[in-house]
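The values are calculated or read from the model by the stated rules, or taken from the named source; none is laboratory data. Nothing here was measured: the structure is a model prediction, and the numbers come from that model. For neighbour counting, all protein chains shown are included, and Cβ atoms are generated from backbone atoms with ideal geometry for every residue, glycine included. Protein only, heavy atoms only, side chains kept; ligands, DNA and RNA dropped before computing areas. Shrake-Rupley method; radii C 1.70, N 1.55, O 1.52, S 1.80 Å.
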Amino acid sequence: MEPKININNSTHFSWLSRWPQWTRYAAALWSLLYGLLGLYWLLGGNGFPFGKNDSRAEMMGSFLSNLNVDAGGPVIAIAGLIGTVVAIAMIMPWGSRFPRAIFLSFAWIMSVTLIFIVPDSRIVQNFAYLFLLHFDLLDWRVINQVFCIVGGFIWGASAIAYFRLTQNACGNCGRNDATEGSSAKATAKWGKWFTYLAVIMALPYGIVRWAWALGIPLGTNDSSMVGNEDNVIVEAILGGLCIGGGILTLGLIQRWGVIFPRWCFFLAGKQIPIWFVMVPAMLMSAIITITGLKLSPQIIFMMVNGSITNENWGQFVPFLFWLPWGISLGIAILAYYLKRRGRCKHCGKL
């Protein structure tokens with residue numbers, strides 16, 4: 001009888017492909033480090049990145065703009081301590097004495113909190129400014145948010161690996177005897193529609209920004225934002241990132257998203273590694289979703305109280321498309337993975 005999980009014997013695979021083995025260790029280490037930071041802040045250390053120490057928090061849609069160190073310090077310290085113990089329990093044999101639902105619930109709560117609750121729209125702001133070589137807004141608060149997002153992905157990966165382990169399935173692909181041979185044809189249908197939806201949702205922001213770059217006052221009467229020589233390149237790049245991202249999203253359902261096209265020179269005709277598409281696409285899905293989640297409530301409130309009018313909607317309304325954009329992109333990425341994963345190199349199942 002073939003082993004259910006054989007990743008431990010896959011020493012010839014790269015460290016990245018062995019992620020089910022090390023992510024729980026990484027979760028324990030991350031939790032310990034951040035828990036110690038929480039203890040440091042609680043004891044009077046400098047650099048608490050939330051609440052009154054963050055003057056831009058409310059403006060950037062932070063959910064933690066009112067969190068002070070007296071409450072946040074102990075919460076971070078305790079969560080870090082519990083996270084360290086839970087991650088170790090997911091590794092050690094004695095952890096099997098406890099219901100797996102406890103560990104999985106904690107892991108997913110950590111993942112969602114760290115990815116979607118802690119960060120705010122400064123993540124996408126600083127990402128866009130990287131293309132403009134503008135680093136003035138990159139500070140410790142943004143670095144803390146990036147660190148939390150990394151921790152969120154680690155905890156999410158740990159939850160997936162632990163769930164598969166307890167299901168007697170392959171840690172890398174999630175297949176077991178019950179799911180082996182399942183077809184991905186149905187995936188192509190719903191994946192295609194979510195891909196189209198992601199492309200459409202990416203367009204409004206890009207169209208408005210390009211209109212401003214061309215001197216067209218679409219959704220604004222602010223002359224400093226339209227056709228301004230100092231802002232033309234900025235608006236063109238910001239719009240191009242969204243529209244270019246939408247075009248690249250089509251690759252999830254096109255041949256050039258699987259095989260490098262002819263214009264890629266030395267790579268032409270070679271198969272594109274799944275991770276080459278998945279990693280940046282997943283990061284962008286998270287960043288876009290975070291921004292939409294943080295800005296949408298503010299914009300809806302402004303629409304209700306009449307702050308948004310025909311003279312300024314271009315500055316705000318396009319962000320309402322970001323939350324469905326990020327979610328649909330995430331689902332499209334999942335469909336892309338399910339279609340392309342093929343036979344698992346670790347367990348041999350198809």
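Residue check: is residue 280 crowded, with 19+ Cβ neighbours inside 10 Å and of a type outside the set (Val, Ile, Thr)? Criteria not met by residue 280. Given the condition in contact with a Lys or Arg (Cβ under 8 Å, 6 or more places away or on another chain) and surrounded by 15 or more Cβ atoms within 10 Å (Cβ to Cβ), answer yes or no: does some residue in the range 337-348 qualify? For the range 337-348, residues in contact with a Lys or Arg (Cβ under 8 Å, 6 or more places away or on another chain) and surrounded by 15 or more Cβ atoms within 10 Å (Cβ to Cβ): present. Scanning the range 1-15 for residues that are at pLDDT 50 or above and either over 28 Å from the mean Cα position of the chain (by Cα) or open to solvent by 80 Å² or more (accessible area, probe 1.4 Å) (or both), we see that the one that is nearest to residue 48 (Cα to Cα) is 15. Screening 69, 118, 85 for residues that are more than 29 Å from residue 278 (Cα to Cα) and in contact with a helix residue (DSSP H, G or I) (Cβ under 6 Å, 6 or more places away or on another chain) leaves exactly one candidate, 69. Before we move on, is residue 62 surrounded by fewer than 16 Cβ atoms within 10 Å (Cβ to Cβ) and farther than 28 Å from residue 22 by Cα? Answer is no for this residue. Flag set for residue 295, criterion: in a helix (DSSP H, G or I), aliphatic (A, V, I, L, M) and either over 18 Å from residue 199 (Cβ atoms) or touching a Gly at 6+ places or on another chain (Cβ under 8 Å) (or both).
Looking only at residues in the range 311-325 that are assigned to a helix (DSSP H, G or I) and under 16 Å from residue 223 (Cα atoms), the one that is most open to solvent (accessible area, probe 1.4 Å) is 313. Taken together, the residues in the range 71-130 that are under 23 Å from the mean Cα position of the chain (by Cα), over 18 Å from residue 323 (Cβ atoms), modelled with pLDDT of 95 or more and surrounded by fewer than 16 Cβ atoms within 10 Å (Cβ to Cβ) amount to 2.
Taking the range 155-178 on its own, how many of its residues are among the β-branched types (Val, Ile, Thr) and open to solvent by less than 10 Å² (accessible area, probe 1.4 Å)? Matching residues across the range 155-178 total 0.
Annotation for the range 36-45: no member residue is modelled with pLDDT under 90 and open to solvent by 60 Å² or more (accessible area, probe 1.4 Å).
Any idea which of (1) open to solvent by 60 Å² or more (accessible area, probe 1.4 Å); (2) farther than 24 Å from residue 317 by Cα; (3) out of contact with any strand residue (DSSP E or B) (no Cβ under 8 Å at 6 or more places or on another chain) is the one residue 248 doesn't satisfy? The number of the failed condition is (2). Considering (1) over 30 Å from residue 312 (Cα atoms); (2) of a type in the set (Lys, Arg); (3) surrounded by 17 or more Cβ atoms within 10 Å (Cβ to Cβ), the lone condition that residue 294 does not fulfil carries the number (1).
Select, from 299, 331, 308, the only residue that is open to solvent by 20 Å² or more (accessible area, probe 1.4 Å) and either touching a residue at least 12 places away in the same chain (Cβ under 8 Å) or under 24 Å from the mean Cα position of the chain (by Cα) (or both). Only one candidate qualifies: 331.
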